1. Hey, rough spin-label estimate for Glu497 and Ile119, points 7 angstrom out along Cα→Cβ, what's it come to in nanometres?
2. Taking Cα atoms of the stretch 197-342, Rg/Rh with Kirkwood Rh, to two decimals?
3. So what is the relative contact order for the stretch 365-552, in percent, with contacts set as C-alpha pairs under 8 Å and at least six apart?
4. For a quick check: sort Trp303, Trp384 by the number of other beta carbons within 10 angstrom, fewest at the front.
5. Once you treat every alpha carbon in the stretch 365-552 as an equal point and sum by Debye, what is log10 I(q)/I(0) at q = 0.12 Å⁻¹?
6. Going by Cα centres, the stretch 246-262 and the stretch 489-541 are how many Å apart?
7. Among Val393, Ser43, Leu74, which residue has its Cα positioned farthest towards the positive end of the charge dipole of the chain, with +1 placed on the Cβ of Lys and Arg, -1 on the Cβ of Asp and Glu, and the dipole taken about the Cα centre?
8. What number results when the radius of gyration of the stretch 1-97, computed over Cα atoms, is divided by 2.2 N^0.38 Å?
Amino acid sequence: MPFIPQNKLANQIVYSCEKFGITTVVVSPGSRNAPLIIGFNASKKIESLSVVDERCAGFFALGIAQQTLKPVALVCTSGSALLNYYPAISEAFYSHIPLVIISADRPDYLIDVGDGQTIRQKNVFENHCLYNANLGAENDIFQIENALKIAIQQKGPVHINAPFDEPLYATIEATDIEGVNTENLFSIEVPEIPLNVDGLQEFANLWNSSSKKMVLVGSHFPDDLLQIQLDHFLKDSSVLVLTENTANVHNSKFINCIDKLIFPFDDDELEKFRPDILISLGGLIVSKKIKEQLRKFQPKQHWHIDSLRAFDTFHCLTHHFKISPQLFFSQFFFLTKKNESNYQNYWLAKKEIRIKKHQHFLDECAFSDLKVFESLLKNIPKNWQLQLGNSSVIRYAQLFDIEKSLKIFCNRGTSGIDGSTSTAIGAAYTSKDPVVFITGDISFFYDSNALWNNYIPSNFRIIVVNNGGGGIFRFISGPKNSNALDYFETPHSLTAEHLCKMFNFEYVSVDNLENLNKQLSSFYQISTTPKLVEIFTPREDNDKILKAYFSNLK
């Protein structure tokens, strides 16, 4: 007979998680959370994973939830341990990823009296959590279940703070438990309601009368229906579709490298590029240039399509359709008509010119970050998943066409470097496809505790582009002109070799293109341990080459 915690509140949390379909919990060790650890460990419906570092645990859980599209629970002890979840919580908040943070706390009478490992935990994440349940009252069950319901329906983080008094380790047999509701819960997913056709017709009339329409797609989970619907837009010559690599949609007539197209534009071309109507969907946008463009040359109408939230990214939002893009387009297309225009063809012709200049430059390009990314993105096997780090990595990747069978992800909710490795490992743990993670050196070393993880699959691959520290700060003008570049760029001479030895990764380093291509030929082959390749690029040259690349596009 299994033993469960004697603490009734801990049992209620565990059984409520079972009831709402939580199947994974990531636990960080502690004492105050002992009742929760014992309870989740005894559950037959929930897999318990142990990750020591709470910041890494938070992003590891986020990576799992990113892939499964289902909530993952996090459990930690009291005190500062809880605060280490905050970076992952903020990322989940802005990326619409469901996380359930369950923190053990001390009872009220031990708060602010000098007791150890104690802080003010109630509502500590209120600015970035969809719901905050402070337990220890008569309505505990309502708060727990309301938190879980909101995490599922609104797709974001919630916080359940549970105070536990001594004894913490006492157990009882499972049959002895009383007062816990273990009934199965019916689906709490909210069914979508189609839009009113008469109201939608007014927007269709605006659409049909406009000769310059733009569809901009941010990060999005791969979706076959959405791909078909976006392809349909191309039949209308007045529509231009812009995508980012993280949108996971592909068509040769999409503008899929936005910065490559618009970077050389002068104001006259930007005015010509300005759409009458902009439809945006998906997550946050990487391209800084398109954000600058659409803020300066605003469309007359900006419609955002998302069932939950609409960010006024371009400061001209005119309507938020609170519905999934797939359902919206399935209704909208019946009301639209083609509008003959040269808008699409004109910019696709510009795209072809940029592609030729891009390739000409790369053919003559010296070994550098830019040349490395060309090689890396060409050599990823089909049907792998690509996880990208932030800062320079995601921006370099945006300049290249990427094999359409790859699924591409990046933490763009807050665009931080702090948990990219942990997120990629979480994704690799749960993904059916093998995962390769490309990261910069600062991001990798910053999150090096991510490798302290017992759940890294042997087919996981890491590529570290080591340019000696924060290369993006050499490309933007401000840091260089501040006389404090070293404080922005963080120069260093670290390597990943000893970390790989400690955490049992197969390691190899390269510092030229010939060796890189040679190593990549075997890098993705089956192995008994995960692998890491570290690529050392010329710190003093990378920014000069990238600036020359953009000048070449003009």
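1. Here the answer is 3.8 nm between the modelled labels.
2. Across the stretch 197-342, the Cα-based Rg/Rh ratio is 0.92.
3. 24 percent
4. Trp384, Trp303
5. Reported log10 I(q)/I(0), two decimals: -0.54.
6. Here the two parts' Cα centres lie 29 Å apart.
7. Value: Val393.
8. After normalising by residue count via 2.2 N^0.38 Å, the value is 1.04.
Read-outs throughout are calculated quantities, based only on the coordinates presented, and are distinct from any laboratory measurement. As the structure is a computational prediction, the values presented were derived from the model and not from experiment. Cβ coordinates were reconstructed from backbone atoms using ideal geometry, including for glycine residues, and neighbour counts include every protein chain displayed.
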